[in-house]
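Working notes, structure below.
What follows draws every value from the coordinates through simple rules; no lab data is involved. The model shown is predicted, which means the values in this text are computed figures rather than measured ones. Quick reminder, even Gly has a Cβ in these numbers, built from the backbone with ideal geometry, and neighbours come from all protein chains shown.
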Amino acid sequence: MDDRRSRSIRLFKPYVGDEELNSIREVFERGWLGMGPALDRFEQEWSKYIGCAYSVGVNSCTAALHLALAAQGFPQGKKVLVPAITFVSTAHAVLYSGLEPIFVDVDESSLTLDPEDLERKVTADCVAVIAVHLGGHAAPMEEILSIARRYGLLVVEDCANSAGGSYRGRKLGTWGDIGCFSFEEKKNMTTGDGGMICTNDPALNERLRQWRWVGIDRDTWKRAQTGQGDTSADQARHWYYEVAVPGYKYNMNDIAAAIGLAQLRKLDWMNARRAELIARYLDGLQDSELVRPGLPYELSGSGYWLFMIKVGERWRDPLMMALRSAGIATGVHFMPLPLHPLYARYDTGIERAKRVWKRIITLPLFPELTFEDVDYIVNVIRNFEAN
Ligand SMILES: *Cc1c(COP(=O)(O)O)cnc(C)c1O
């Protein structure tokens, strides 16, 4: 078992190389590193790829989620429905905006927001719901939309785990009113850190552009361009801008956008590669007594970010230890938010989430993982099961 000792398989790995470096080089050669033409282009290409009218580049999905709510101007203290199992940023965005989260229980098999519990928890005080496509598995958007329309809720999709994925033939992020994406280094595609907000609403697009750029109504690149060719009055006033809202410094810069342009060209391939690896895992584990798939993987057109398994509660920690001693990284995505001290006071009954999270394990998944790596990981699990 020398093999075991020498292996070290990480959980995620960004798939970056010469394409990204060449793209960054163009930005360096232009000598404009801030928000500029590369971001313009990335936003346009992203809109075309996703199939939305407007995309607004920001420096994280946390910022995207915050702006999605902040740009609405909801009265303070109103409520936002959030699934119990998600990354903390989904709920932080609610608190940042002076609103309060109501945690909705999850469906035990898909780990996404359960429409029945959504209907049970919604009140007249609710202004929005954030649907999270956990691990890349689509939340049940038709049911969520139908409840949201009935109660007049804004629908935000947290697509941090699902960039490029589709649901019923339509890209995730275009089902609700606003789609928020993450390009953090571990996610489906990366810009180092970064995010994108998608919408079809022209007025919202304008507001988001102000809010991400400290409230300024025209960005510096556009002002610099104005200085080259409009009327002389415009040229003389190229420095002029107005601020009407206390916006944030949340913009994406051109270095990140350059990486994003190169990554976008690889995104479909990376998602397809992850789907192949998931199929390999599922095949290797299909007759296991110990392990079940952690999500109901529907691989066609998918943008899965996580490969998760479910085991009996008492087996989770021992299996994670066995994987660790075989050089295999694992994780848990995610502990229900009301179990964190910050969110304990918002616990209004999320029993399924509290049960199921103790059974989930995330296994390595990234484009450069090999079938041989997957077979090795499956073998470690099968050996654990046999002993
Ligand atoms: C990673 C993640 C975020 C936050 O993304 P950042 O780009 O790191 O801010 C939000 N929601 C979910 C579900 C995530 O997994």
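Quick check on Leu33: is it under 21 Å from Tyr248 (Cα atoms), hydrophobic (A, V, I, L, M, F, W, C) and either part of a loop (DSSP other than H, G, I, E, B) or touching a strand residue (DSSP E or B) at 6+ places or on another chain (Cβ under 7 Å) (or both)?
Spelling it out, Leu33 is indeed under 21 Å from Tyr248 (Cα atoms), hydrophobic (A, V, I, L, M, F, W, C) and either part of a loop (DSSP other than H, G, I, E, B) or touching a strand residue (DSSP E or B) at 6+ places or on another chain (Cβ under 7 Å) (or both).
Identify all residues within the stretch 61-77 that are within 16 Å of the ligand (Cβ to nearest atom) and touching a helix residue (DSSP H, G or I) at 6+ places or on another chain (Cβ under 8 Å); write none if there are none.
Hits for the stretch 61-77 are Cys61, Thr62, Leu65, His66, Leu67, Ala68, Leu69, Ala70.
Check off (1) in contact (Cβ under 8 Å) with a residue 60 or more places away in the chain; (2) assigned to a helix (DSSP H, G or I) for Leu290 and give me the number that stays unchecked.
Among (1) in contact (Cβ under 8 Å) with a residue 60 or more places away in the chain; (2) assigned to a helix (DSSP H, G or I), Leu290 violates only (2).
Ile24: among the β-branched types (Val, Ile, Thr), surrounded by fewer than 24 Cβ atoms within 10 Å (Cβ to Cβ) and out of contact with any helix residue (DSSP H, G or I) (no Cβ under 7 Å at 6 or more places or on another chain), yes or no?
In short, no.
Does Arg359 qualify as being more than 16 Å from the ligand (Cβ to nearest atom), in contact (Cβ under 8 Å) with a residue 12 or more places away in the chain, over 23 Å from Leu81 (Cβ atoms) and of a type outside the set (A, V, I, L, M)?
Yes: the conditions hold for Arg359.
Please go through the stretch 186-205 and pick out each residue that is out of contact with any helix residue (DSSP H, G or I) (no Cβ under 6 Å at 6 or more places or on another chain) and either free of Cβ contacts under 8 Å to residues at least 60 places away in the same chain or near the ligand (Cβ under 9 Å from one of its atoms) (or both).
Lys186, Lys187, Asp193, Ala203
In the stretch 281-297, which residue that is surrounded by fewer than 20 Cβ atoms within 10 Å (Cβ to Cβ) and in contact with a His (Cβ under 9 Å, 6 or more places away or on another chain) is farthest from Asp375 (Cα to Cα)?
By that ranking, first place goes to Pro296.
Name the residue, out of Ile278, Ile259, Ile309, Ile255, that is in contact with a Gly (Cβ under 7 Å, 6 or more places away or on another chain), touching a residue at least 12 places away in the same chain (Cβ under 8 Å) and either surrounded by fewer than 21 Cβ atoms within 10 Å (Cβ to Cβ) or closer than 30 Å to Glu45 by Cα (or both).
Result of the check over Ile278, Ile259, Ile309, Ile255: Ile259.
I'm trying to understand the selection: among the residues of the stretch 250-270, which are assigned to a helix (DSSP H, G or I) and of a type in the set (A, V, I, L, M, F, W, C)?
Ile255, Ala256, Ala257, Ala258, Ile259, Leu261, Ala262, Leu264, Leu267, Trp269, Met270
May I ask you to list the residues in the stretch 28-56 that are closer than 22 Å to Trp269 by Cβ and within 16 Å of the ligand (Cβ to nearest atom)?
Correct list: Phe42, Trp46, Ser55.
Given the conditions (1) within 18 Å of Trp175 (Cα to Cα); (2) surrounded by fewer than 20 Cβ atoms within 10 Å (Cβ to Cβ); (3) touching a residue at least 12 places away in the same chain (Cβ under 8 Å), which single one is not true for Lys48?
The failed condition is (3).
Condition first: assigned to a strand (DSSP E or B) and within 11 Å of the ligand (Cβ to nearest atom). Can you find one or more residues in the stretch 82-93 that meet it?
yes
I'm trying to understand the selection: among the residues of the stretch 117-126, which are surrounded by fewer than 18 Cβ atoms within 10 Å (Cβ to Cβ) and either touching a helix residue (DSSP H, G or I) at 6+ places or on another chain (Cβ under 9 Å) or of a type in the set (Lys, Arg) (or both)?
Glu119, Arg120, Thr123, Ala124
With respect to Phe384, is the statement that it is touching a Phe, Trp or Tyr at 6+ places or on another chain (Cβ under 9 Å), assigned to a helix (DSSP H, G or I) and not charged (D, E, K, R) true?
Criteria met by Phe384.
Residue pairs, Cβ under 8 Å, 6 or more apart or interchain, first in the stretch 149-164 and farther than 20 Å from Leu365 by Cα, second of a type in the set (D, E, K, R). List them.
These pairs meet every condition: Leu154/Asp177; Val155/Asp177; Val156/Asp177.
Determine if the stretch 271-288 includes at least one residue that is touching a helix residue (DSSP H, G or I) at 6+ places or on another chain (Cβ under 8 Å), of a type in the set (Asp, Glu) and over 25 Å from Lys13 (Cβ atoms).
Checking the stretch 271-288: not a single residue is touching a helix residue (DSSP H, G or I) at 6+ places or on another chain (Cβ under 8 Å), of a type in the set (Asp, Glu) and over 25 Å from Lys13 (Cβ atoms).
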